[in-house]
Amino acid sequence: MLRLKRVSKRFNIDSDREVVALNALDFELARGEFVTMVGENGSGKTTLLRVVTGEIAADAGQVLFGNVDATKMPPYHRARFVTHIHQSRESGLPLSLTVEEVMRLALESRTHGITRRGIHQRAEEQLESLRKGLSRTLKEQVWHLSGGEHQLVNLAVASVFADGPSKGGHILLLDEHVSQLDPVAHSVVMEATDQLIRSRRLSAVMATHNFELAVEYGDRQVVLSEGRILKEFVGESRIRSPRELKDVISNVLR
Amino acid sequence: MNDMAALLWTAALVTLLYAPVTIGLAVAFRLLNYPDLTCEGSFIVGGALSFVALQAGLPPILSLVVALVGGMAAGAFTGWLHTQLRVSRLLSGIITAAILYSLTMRLLGGRANRWIATGTVFDTIHLKNTSIGDFIVAGLIAYLVLVLCAFLYVSHFGRVLRALGDQEWFCVSLGKNPATLLIAGLSISNALIALSGAILMQFKHVCDVNMGSGVLISALAGLVLGETVHSARSVWGHTVMCVVGTGIYNIALGAFYFDWELGIERFILPSDVRLVTGLLLIIPALILLRVKGRYRLFNSSW
């Protein structure tokens, strides 16, 4: 579904503060696969996700969605294939719009000729399917949503995008998207995320600092360091306890 | 008509003439979250373009359309400077406004002002009382602008523009090119401002390169006064409050120059208008900050 081929990215080139964010990194994500990605700060997790969305242009290498070479594709075209959910609401949904307006924009941009009634119905369905009672927020401004509700609406928007023209599957990128939530919202949003990914067969990458999440969710664990993938654990070899994962990472880094 | 009624009448008329500027400025400053300083340039170029169009024998309504198109081009140029040449938001408008000043002089044949005897939109209605005729024409145009804005705001495009000002990345994920959207938004904003310049030129029957100076600050005052009186949640409500705010501003200004027979009138100079405008801008901003606990006049990231 998603392939990165020898992708490199450096920041502050030719200065004494040069940083190698991605170092000839290869990465593949299969249709319907859920990958959790861990690594210390500056290991390249966020840069990797941003290179996929096109927010950051790679210095070298290729980004492919299925068989489509997206390396030179502008971000607003890549949006057909990939949706990115950020950590904070500052880079999330438009705050002054109501939830209904946000859902409406998403639905209109993906489904041509949808009626007003159809929009309302679909918006309600999407929100309710993520969490019972979430459609209560339809008339509210995004500004007034709690952190958890904000991320749930973000997921609802992502699920609308996943219904769009990218019938071959949609990629969901999650950048620490539950890290600023209280414990209850944290688990509610994580459950909804997992359910959305599984029910729609989305291909997902979740960058996280939370080892418990990296252990509990996903089909594959990826450890990133200095812009490279150092270790991967798939299927039977997946690490089962946060402590073990922590040990593995400190061993790898040593 | 007594003096007080005359004051209110004039304020109302001036409000109708200038309302499109405040609405246009709100599109840039509030909807798009873009501190666009093209305003004074597009205002005079709108006036000059409609002057040239009238001179060329075009019907007055068409001359307003010419001004609209000119304003759109001005806004698009500002947007182009920012999105394609990476010029900062503030500087992009300043550059365009500077260029437009010279362009306006050229349109006026190298003269600072030109008179036009007749043939304006205000000469299309013949009433015994010309000031009522003026009122009707100015009111009709302001009404049209409001209706057009209402249509814009309830459309998909309008919602996308609002989302753009709030969260550019969200527009990208909708599959829209934010650069194109910004250029389109600034075009709309400056088209309205240029329209207002054309209307004012036709009302005064004179096109003056300096008639644009001070327009930005007074429109900002109208915007902030409107927001202080009532902070509307909907864009539509906000647009109406722009007109109300412009009205309050003009009444306040009229009141300032009114002969209250208190003996202080002789200390007031005509040039104090900008001082008063500045105060009318700062005081409501302070009220917003202190009383309502919010301050939106200038975004700190601008």
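The values are calculated or read from the model by the stated rules, or taken from the named source; none is laboratory data. Please read these numbers as outputs of a predicted model, since none were measured by experiment. A quick note on method: Cβ atoms are made from the backbone with ideal geometry, for glycine too, and the neighbour counts reach across all protein chains shown.
Among the residues of segment A:130-145, is there at least one that is away from chain B (no Cβ under 11 Å), surrounded by 18 or more Cβ atoms within 10 Å (Cβ to Cβ), closer than 19 Å to A:Ser187 by Cβ and small (Gly, Ala, Ser)?
no
Does B:Gly158 satisfy the criteria of being within 14 Å of another protein chain (Cβ to nearest Cβ) and either free of Cβ contacts under 8 Å to residues at least 24 places away in the same chain or closer than 25 Å to B:Tyr18 by Cα (or both)? Lay out the reasoning, then the answer.
Values: within 14 Å of another protein chain (Cβ to nearest Cβ): yes; either free of Cβ contacts under 8 Å to residues at least 24 places away in the same chain or closer than 25 Å to B:Tyr18 by Cα (or both): yes.
Yes.
If you go through segment B:228-251, how many residues are under 17 Å from the mean Cα position of the chain (by Cα), within 14 Å of chain A (Cβ to nearest Cβ) and polar (S, T, N, Q)?
So the answer is 0.
Just the residues that are more than 14 Å from chain B (Cβ to nearest Cβ), part of a loop (DSSP other than H, G, I, E, B) and closer than 19 Å to A:Leu202 by Cβ, please, taken from segment A:19-71.
Of everything in segment A:19-71, those that are more than 14 Å from chain B (Cβ to nearest Cβ), part of a loop (DSSP other than H, G, I, E, B) and closer than 19 Å to A:Leu202 by Cβ turn out to be A:Ala30, A:Arg31, A:Gly32, A:Glu33, A:Gly66, A:Asn67.
Let's see how each residue does on (1) β-branched (Val, Ile, Thr); (2) in contact with a strand residue (DSSP E or B) (Cβ under 8 Å, 6 or more places away or on another chain); (3) crowded, with 21+ Cβ neighbours inside 10 Å:
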position: A:Ser199; (1), (2), (3): no, no, no
position: A:Leu202; (1), (2), (3): no, yes, yes
position: A:Glu216; (1), (2), (3): no, no, no
position: A:Asp219; (1), (2), (3): no, yes, no
position: A:Leu224; (1), (2), (3): no, yes, yes
position: A:Lys246; (1), (2), (3): no, no, no
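Return yes when B:Arg266 is out of contact with any Ser or Thr (no Cβ under 6 Å at 6 or more places or on another chain) and away from chain A (no Cβ under 14 Å) and no when it is not.
On the way: out of contact with any Ser or Thr (no Cβ under 6 Å at 6 or more places or on another chain): yes; away from chain A (no Cβ under 14 Å): yes.
It is true that B:Arg266 is out of contact with any Ser or Thr (no Cβ under 6 Å at 6 or more places or on another chain) and away from chain A (no Cβ under 14 Å).
So, of the residues in segment B:161-178 that are aliphatic (A, V, I, L, M) and more than 19 Å from A:Asp163 (Cβ to Cβ), which turns out to be nearest to the other protein chains (Cβ to nearest Cβ)?
B:Ala163
Condition (residue is aliphatic (A, V, I, L, M), part of a loop (DSSP other than H, G, I, E, B), in contact with a His (Cβ under 9 Å, 6 or more places away or on another chain) and surrounded by 15 or more Cβ atoms within 10 Å (Cβ to Cβ)) applied to segment A:182-190: is it met by at least one residue? Steps first, please.
Taking segment A:182-190 and keeping what is aliphatic (A, V, I, L, M), we get A:184-185, A:188-190.
Still in the running and part of a loop (DSSP other than H, G, I, E, B): none.
No, segment A:182-190 contains no residue that is aliphatic (A, V, I, L, M), part of a loop (DSSP other than H, G, I, E, B), in contact with a His (Cβ under 9 Å, 6 or more places away or on another chain) and surrounded by 15 or more Cβ atoms within 10 Å (Cβ to Cβ).
Please enumerate the residues belonging to segment A:54-76 that are surrounded by 21 or more Cβ atoms within 10 Å (Cβ to Cβ) and touching a residue at least 40 places away in the same chain (Cβ under 8 Å).
A:Ala58, A:Val63, A:Phe65
The conditions are (1) in contact with a Ser or Thr (Cβ under 6 Å, 6 or more places away or on another chain); (2) buried (at least 24 other Cβ atoms within 10 Å of the Cβ), and B:Leu81 fails exactly one of them. Which is it?
(2)
Quick one: B:Gly57 ticks every box in (1) in a loop (DSSP other than H, G, I, E, B); (2) under 30 Å from A:Ser96 (Cβ atoms) bar one, so which box is it?
All conditions pass for B:Gly57, except number (2).
Between a residue in segment A:77-95 that is of a type in the set (Ser, Thr, Tyr) and any residue that is surrounded by fewer than 18 Cβ atoms within 10 Å (Cβ to Cβ), which pairs come within a Cβ distance under 8 Å, given they are 6 or more apart or on different chains?
Note: pairs meeting the criteria are A:Ser88/A:Gln180.
Please pick out the residue among B:Gly222, B:Gly254, B:Gly212 that is away from chain A (no Cβ under 14 Å), surrounded by fewer than 21 Cβ atoms within 10 Å (Cβ to Cβ) and either over 26 Å from B:Gly71 (Cα atoms) or under 19 Å from the mean Cα position of the chain (by Cα) (or both). Step through it out loud before you land on a result.
Values: B:Gly222 fails: surrounded by fewer than 21 Cβ atoms within 10 Å (Cβ to Cβ); B:Gly212 fails: surrounded by fewer than 21 Cβ atoms within 10 Å (Cβ to Cβ).
Answer to the selection: B:Gly254.
Can B:Val147 be described as among the β-branched types (Val, Ile, Thr), in a helix (DSSP H, G or I) and within 14 Å of chain A (Cβ to nearest Cβ)?
no
Of these, B:Ile141, B:Ile125, B:Ile132, which one is farther than 30 Å from A:Ser96 by Cβ, outside any loop (DSSP other than H, G, I, E, B) and either more than 18 Å from the chain's Cα centre (by Cα) or in contact (Cβ under 8 Å) with a residue 40 or more places away in the chain (or both)?
Details: B:Ile141 fails: farther than 30 Å from A:Ser96 by Cβ; B:Ile125 fails: outside any loop (DSSP other than H, G, I, E, B).
When all the criteria are applied, what remains is B:Ile132.
For segment B:173-200, give me the residue count where each residue is at pLDDT 95 or above, buried (at least 21 other Cβ atoms within 10 Å of the Cβ) and among the polar types (S, T, N, Q).
Residues meeting the conditions: 4.
Checking the condition buried (at least 20 other Cβ atoms within 10 Å of the Cβ) and assigned to a helix (DSSP H, G or I), which residue from B:Phe157, B:Phe203, B:Phe170 passes? Working first, answer last.
Working: B:Phe157 fails: buried (at least 20 other Cβ atoms within 10 Å of the Cβ); B:Phe203 fails: buried (at least 20 other Cβ atoms within 10 Å of the Cβ).
Sole residue among the options that is buried (at least 20 other Cβ atoms within 10 Å of the Cβ) and assigned to a helix (DSSP H, G or I): B:Phe170.
State whether one or more residues within segment B:15-31 are within 18 Å of B:Trp80 (Cβ to Cβ) and aliphatic (A, V, I, L, M).
yes
Restricting to segment A:72-95, count the residues that are within 10 Å of another protein chain (Cβ to nearest Cβ) and either in a loop (DSSP other than H, G, I, E, B) or at pLDDT 90 or above (or both).
Number of matching residues: 16.
Collect the residues in segment A:10-28 that are under 24 Å from A:Leu64 (Cβ atoms) and surrounded by fewer than 20 Cβ atoms within 10 Å (Cβ to Cβ), keeping them in residue-number order.
Selection gives A:Arg10, A:Phe11, A:Val20, A:Asn23, A:Ala24, A:Asp26, A:Glu28.
Kindly establish whether A:Thr98 is in contact (Cβ under 8 Å) with a residue 60 or more places away in the chain, within 14 Å of chain B (Cβ to nearest Cβ), among the polar types (S, T, N, Q) and surrounded by 18 or more Cβ atoms within 10 Å (Cβ to Cβ).
no
Go through segment B:26-53 and report how many residues are assigned to a helix (DSSP H, G or I), modelled with pLDDT of 95 or more and surrounded by fewer than 24 Cβ atoms within 10 Å (Cβ to Cβ).
The total comes to 2.
Out of segment B:138-196, which residues are over 14 Å from A:Ser109 (Cβ atoms) and of a type in the set (Val, Ile, Thr)?
Answer for segment B:138-196, where residues must be over 14 Å from A:Ser109 (Cβ atoms) and of a type in the set (Val, Ile, Thr): B:Ile141, B:Val145, B:Val147, B:Val154, B:Thr180, B:Ile183, B:Ile188, B:Ile193.
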